[in-house]
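Heads up, the thing below is written out as structure tokens.
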């Protein structure tokens with residue numbers, strides 16, 4: 001019974017990882033790619049680790065698995081936020097079908113500060129991409 | 001049997017990530033591909049631990065998760081501080 005649960009969890013995790021990789025390969029834009037990759041990859045790692053814990057069924061193994069899951073849940077959003085913020089500052093172009101950019105004009109691109117109430121003019125021209 | 005199907009899915013995920021790393025038009029796209037590649041590798045090591053029956057591989061997965069987070073943060077810091085200004089695209 002535990003083997004069946006373990007195989008089901010591991011297969012679901014691998015399926016989520018495959019969907020994440022498919023989104024990274026097929027999405028048209030950096031930010032949609034990040035939207036696809038971070039959440040599905042976190043869920044996939046968690047499910048595979050839970051499946052491994054069910055397979056072995058030992059207390060030390062379960063503790064390590066819980067440590068890995070908590071660590072991934074803590075660090076994956078931080079890494080994704082830092083990368084998205086850096087890419088937005090670097091001027092990575094959005095998809096041409098993008099309807100609205102809520103951050104446009106609210107970031108001072110020289111000092112990297114967020115201004116919420118009034119708009120600042122864009123300091124860098126649109127084509128100045130240094131990545 | 002289902003474990004080998006899992007391995008096939010993970011290999012397909014690795015190939016798709018490598019496609020994005022090779023193709024990506026800008027540096028952050030490649031970093032997203034590398035980040036997902038490290039996550040897939042952590043899952044792959046866990047699946048290999050289940051297949052081989054060795055608990056010790058889970059420690060390898062722990063260390064790889066740590067190193068992958070540090071690498072992504074370092075790349076993000078590098079891009080935010082200016083990236084590669086000699087490559088204007």
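Every number here is computed from the coordinates shown, using simple stated rules; none is lab data. Please read these numbers as outputs of a predicted model, since none were measured by experiment. Every residue, glycine as well, gets a Cβ built from its backbone with ideal geometry; the counts of neighbours run over all protein chains shown.
The distance linking the range B:5-81 with the range A:37-77 is 14 Å (Cα centroid to Cα centroid, whole angstrom).
For chain B, the mean residue ellipticity at 222 nm estimated from helices alone is -28500 deg cm²/dmol, where every DSSP H run of n ≥ 4 contributes -39500 (n - 2.57) and the total is divided by all residues, rounded to the nearest 500.
Mean per-residue shielding of peptide A:43-50 is 5, counting Cβ atoms of other chains within 10 Å of each Cβ.
Helical content alone sets the calculated 222 nm signal of chain A at -23000 deg cm²/dmol, taking -39,500 (n - 2.57) per DSSP H segment of four or more residues and averaging over every residue. Each residue in A:27, A:17, A:49 was given a count of other beta-carbon atoms within 10 angstrom of its own, and listing them fewest first yields A:27, A:49, A:17.
Peptide B:44-56: average number of partner chain Cβ atoms within 10 Å per residue? The partial results should precede the final answer.
Values: counts 3, 2, 13, 8, 1, 6, 10, 2, 0, 2, 1, 6, 0.
Mean partner-chain Cβ count within 10 Å for B:44-56: 4.
Listed peptides B:12-20, B:53-61, B:33-41 appear in the order B:33-41, B:12-20, B:53-61 once ranked by packing, highest mean of other Cβ atoms within 10 Å at the front.
Classified by the C-alpha gyration tensor, the range A:1-86 has an oblate form. Its axis ratio a/c, with a ≥ b ≥ c, is 1.5 or above, and a/b does not exceed b/c. For chain B, the square roots a ≥ b ≥ c of the C-alpha gyration tensor eigenvalues yield an a/c of 1.5 or more together with a/b not exceeding b/c, which makes the shape oblate.
In terms of overall dimensions, the C-alpha atoms belonging to the protein assembly as shown reach 62, 31, 29 Å along their principal axes, ordered largest to smallest. Between residue B:60 and residue A:102, how many nm apart are label points set 7 Å from Cα along the C-beta direction? Here the answer is 4.3 nm between the modelled labels. Sorting the segments A:55-62, B:73-80 by their residues' average number of neighbouring beta-carbon atoms within 10 angstrom, most packed first, yields B:73-80, A:55-62. Name the shape class, rounded, prolate or oblate, that the alpha-carbon gyration tensor gives for the range B:18-70, where a ≥ b ≥ c are the square roots of its eigenvalues, rounded holds for a/c under 1.5, and otherwise prolate holds if a/b is larger than b/c and oblate otherwise. Taking the square roots of the gyration eigenvalues as a ≥ b ≥ c, the range B:18-70 is oblate. Could you work out the mean count of beta carbons from other protein chains within 10 Å of each residue's beta carbon in A:80-90? The per-residue average across the peptide is 6.
Between residue B:74 and residue A:81, the FRET efficiency from the beta-carbon distance, with R0 = 22 Å, is close to 0.90.
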